[in-house]
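Here is the structure we will look at, set down as structure tokens.
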Amino acid sequence: MNKYVNEFNIGEEGKIIKVIADGKIKRRLFDMGVTPGASIVLKKVAPLGDPIEVKLRGYDLTLRKDEAKCIYAEVIE
Amino acid sequence: MKFALAGNPNCGKTTLFNSLTGATAHVGNWPGVTVDKREGIYKKLEEKVSIIDLPGIYSLSPYTPEEVVSRNFILDEKPDCIINVVDATNLERNLYLTTQVLEIDVPVVIALNMMDALRSSGSKIKVVDIEKAFGVRCVEISALKNQGLDELMKVAYSEARRPRRGMSVLANSRISRVIEETTNKLNEEKIESPLFHAIKLIENDEIEIKMHPEIAKGVEELKTKEPKDEFGGDYEAIVADQRYKYISEHFANTVIKSQDDSGVTKSDKIDKVLTHRIWGIPIFLAIMFIVFHLTFSEDLLFLNGIFGLEIKNEGFINFLTGMGAEFDEETGAIIPLAGIPSLGVFLQNWMGWLTGAIIDLFRGFMPEGTWYTGLVCDGILTGLDSIFSFLPQIILLFLFISILEDSGYMARVAFIMDRAFRKFGLSGKAFIPLLMGFGCSVPAMMGAKTLEDEKERDMTIRLTPFFSCGAKAPTWAMLAVAVAGSFLGDIFVFSIYLLGIVVAIIAAIIMKAFSKNYDVPPFIMELPSYHAPQFRNLMAHLWDKAKHFVVKASTIITAAIILIWFLSSFSWAFWEGLVDDIDESILASLGKVLQYFFWPLGWAQGAEGWKFSVATITGLIAKEDVVATMAQLGLCDEAGETISFALSNSRIYAFAAYNLFTFPCFAAIATAKSESSKKAFPITLAFWFFGSYVISLFVFLIGLTFEVAWWVGLIVVLVLAGAVVLAGLLVSKRKKLQQA
């Protein structure tokens, strides 16, 4: 099953298929290691429901749901 | 020789820098941007080596000032060697920057930092893998434990004398042909580091395209000849993807993890509590409360207030606590102040005692009533007193901000609070500086430096004074006495604080709406592992800030205070010597002119109006001087407990509003100048000047309608609120339409 990372459930793991963004945000995502093929796990949602915390490439990254919407991934069962 | 330290944020670069350079380190600014530039000297080699600490970056892309500064430094200043600091516990992402640095024609040594943490978890690193793949030396170090630093420097020193050609991990990738041809073209034009520039051009890097427009066109042609793939010709994506692919393919087995690594880190365990869905926010608020309590409380842990613990601050205990005692003027009895002071109050008391004693000492020496005694005691020394008396609390608050930042908690605060702040064009990180504003604007503005986005930083600095600082509190307390109706006093003070917050929010929204293509800065941020803050780093940081503040602020503050002293001590016929009474001074006559300027605001009307104008001006020295000046002019007693002026509530409110929103004290103005960007500072001054005037005017006019009848006022307020909401909705709708 494929979906965007903002739709992930807590603990769900996925393999990134595509990053759909532009300019600064796209570059920032790439630089932080959000590239196709990387595996990504949703660890936590902030107390007010946004942003989210993910684990990828061995470290923790936080991003807003708006930005997580740019990451399309294949859920690993 | 010149070495540069490059690496990701949180890789331990600052600790390494401090270990290498010690007391020789000094902080400056990179030209044109508000990014700290740290330089120092390493002395243990045959020759002295200057070390430059580049800002922490994840990439050499052209998007943040930190990245641009680092990139320009490496390319233009040509350091003899780059020490690339890599967090060994987070190898994959850290090496991404390394792959970019390696493309530049400069000697590189990799410092594998945090080896102590890695080893203690039972893991190992095959250093040979990295050296073989990258063709550069790689040294295991622990900046924290001071391990391997001398060896690192020796290796860097010998590498610095061997010129190195850039290498790229993309050399054997599917875009190798484009890279090769572009590199050749750049080579023909004798451009240094052709490989680096070639790959940046291929990535459509803004800076590179501007530098080599002709070659950029050629690159586009080359790209069209390449076969299309799943990236659809997005070369920025291809390059980033290839770099990470290389790293994960070559170094998958470089870190040998211990058997009992469960994958749950210490940071995960701490975060279970600190960023908890329910408890995260209350814990954060509690931490902030503790910070304030330790800095400003005169009754530590409420030992006196709640538990009735009476500590008689007399004799030796008085000496120890620095609290002093109050004299009851009517009975002549000594009332010892109860309670133990917090660290901040304790230090402030002592500093106040010290500066007071110095001023008294000079007064004792110098002849009374001469202009030069006035200049020294009331001008220069009072100026220094206003800098130093707040210094302990400023430093303490800044220390707490630094601890929160260094430990990694600040990033979590941003995580917790971001949602609440985004609507106002600020990210969650802005919350701490703004909250600190309730204590003192100076450390708050210094703390704004933790914000990455320049616009957001400028905006935060601009709004900080609206969070009523501790020195403004005596003014509110005094005015509360003047507000008719005793029960209104509390509500009055509370409403002033509330007004500050509400206006800050509205101002933030307006600024966001009016600033051209301002979008909320993207929030894609590492949550670093928690670290115990390093004492040495903290102290180095504090020392820099304190020194900077004292040096920078003291010139502005002392000059300004001497000016105000001159204006308040002399008449226009200043050659006749000091005036006996401030009423006859230049300042008084200026106040009488300013009265017309302030007239529309209500509080400056009438025979005593000029006195309020003068008090507002002297408030620039330090905000507690508002009450002191009013006492001097006979508007109230020194403690601000009895008042002898009659203003209607609406005028009092307008006066309070003006003082809340106008220029902060000189110390804060000086800090704002040094912490905000060059082009933002004049706007900030104008914003404080006009903003306070307009708000005070509004408060007065609305107050007048309340004085007609309470329901008239209420209707006016409701109509205005409705209009504001409507305007807000229209603006946001228009923005949405524009976006669509």
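Things to note:
Residues are listed down the side, and each one gets a yes or a no for (1) in contact with a helix residue (DSSP H, G or I) (Cβ under 7 Å, 6 or more places away or on another chain); (2) surrounded by 24 or more Cβ atoms within 10 Å (Cβ to Cβ); (3) part of a loop (DSSP other than H, G, I, E, B):
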{"position": "B:Met410", "(1), (2), (3)": "yes, no, no"}
{"position": "B:Phe424", "(1), (2), (3)": "yes, no, yes"}
{"position": "B:Ala448", "(1), (2), (3)": "yes, yes, no"}
{"position": "B:Ala473", "(1), (2), (3)": "no, no, no"}
{"position": "B:Leu479", "(1), (2), (3)": "yes, yes, no"}
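- Taken residue by residue, the stretch B:624-647 has no member that is among the acidic types (Asp, Glu), at pLDDT 80 or above and more than 31 Å from the chain's Cα centre (by Cα).
- For B:Gly489, the test of being in contact with a helix residue (DSSP H, G or I) (Cβ under 9 Å, 6 or more places away or on another chain), in a helix (DSSP H, G or I) and not assigned by TED's automatic domain parsing to the domain that holds B:Gly619 is passed.
- For B:Lys272, the requirement of being surrounded by fewer than 16 Cβ atoms within 10 Å (Cβ to Cβ), within 11 Å of another protein chain (Cβ to nearest Cβ) and either of a type in the set (Asp, Glu) or assigned to a helix (DSSP H, G or I) (or both) is met.
- For the stretch B:473-490, the tally of residues that are farther than 19 Å from B:Asp637 by Cβ and modelled with pLDDT of 85 or more stands at 0.
This table checks each residue for (1) in contact (Cβ under 8 Å) with a residue 60 or more places away in the chain; (2) of a type in the set (Val, Ile, Thr); (3) closer than 15 Å to B:Val85 by Cβ.
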site: B:Asp116; (1), (2), (3): no, no, yes
site: B:Arg119; (1), (2), (3): no, no, no
site: B:Gly122; (1), (2), (3): yes, no, no
site: B:Val136; (1), (2), (3): no, yes, yes
site: B:Ser142; (1), (2), (3): no, no, yes
site: B:Leu152; (1), (2), (3): yes, no, yes
site: B:Val155; (1), (2), (3): no, yes, yes
site: B:Arg162; (1), (2), (3): no, no, no
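- Test result for B:Lys37, part of a strand (DSSP E or B) and charged (D, E, K, R): yes
- The condition of being within 14 Å of chain A (Cβ to nearest Cβ), at pLDDT 85 or above and under 26 Å from B:Asn10 (Cβ atoms) holds for only one of B:Ala430, B:Ala411, that being B:Ala411.
- Of the residues making up the stretch B:627-640, none is within 30 Å of B:Leu384 (Cα to Cα), of a type in the set (Asp, Glu) and touching a residue at least 12 places away in the same chain (Cβ under 8 Å).
- Residue within the stretch B:235-249 that is within 11 Å of chain A (Cβ to nearest Cβ), surrounded by 16 or more Cβ atoms within 10 Å (Cβ to Cβ) and in a loop (DSSP other than H, G, I, E, B) present: no
- Within the stretch A:3-49, tally of residues that are small (Gly, Ala, Ser) and either without any contact (Cβ under 8 Å) to a residue 12 or more places away in the chain or under 24 Å from B:Ile281 (Cβ atoms) (or both): 4
- Complete set of residues in the stretch B:224-234 that are surrounded by 12 or more Cβ atoms within 10 Å (Cβ to Cβ) and under 45 Å from the mean Cα position of the chain (by Cα): B:Phe231, B:Gly233, B:Asp234
- Identification of strands (runs of 3 or more DSSP E) wholly contained in the stretch A:9-77 with 1 or more residues that are among the small types (Gly, Ala, Ser) and more than 7 Å from chain B (Cβ to nearest Cβ) yields A:13-19, A:39-45, A:71-76.
The values are calculated or read from the model by the stated rules, or taken from the named source; none is laboratory data. None of these values were measured; they are calculated from a predicted model. Cβ: placed from backbone, ideal geometry, glycine included. Neighbour counts: every protein chain shown.
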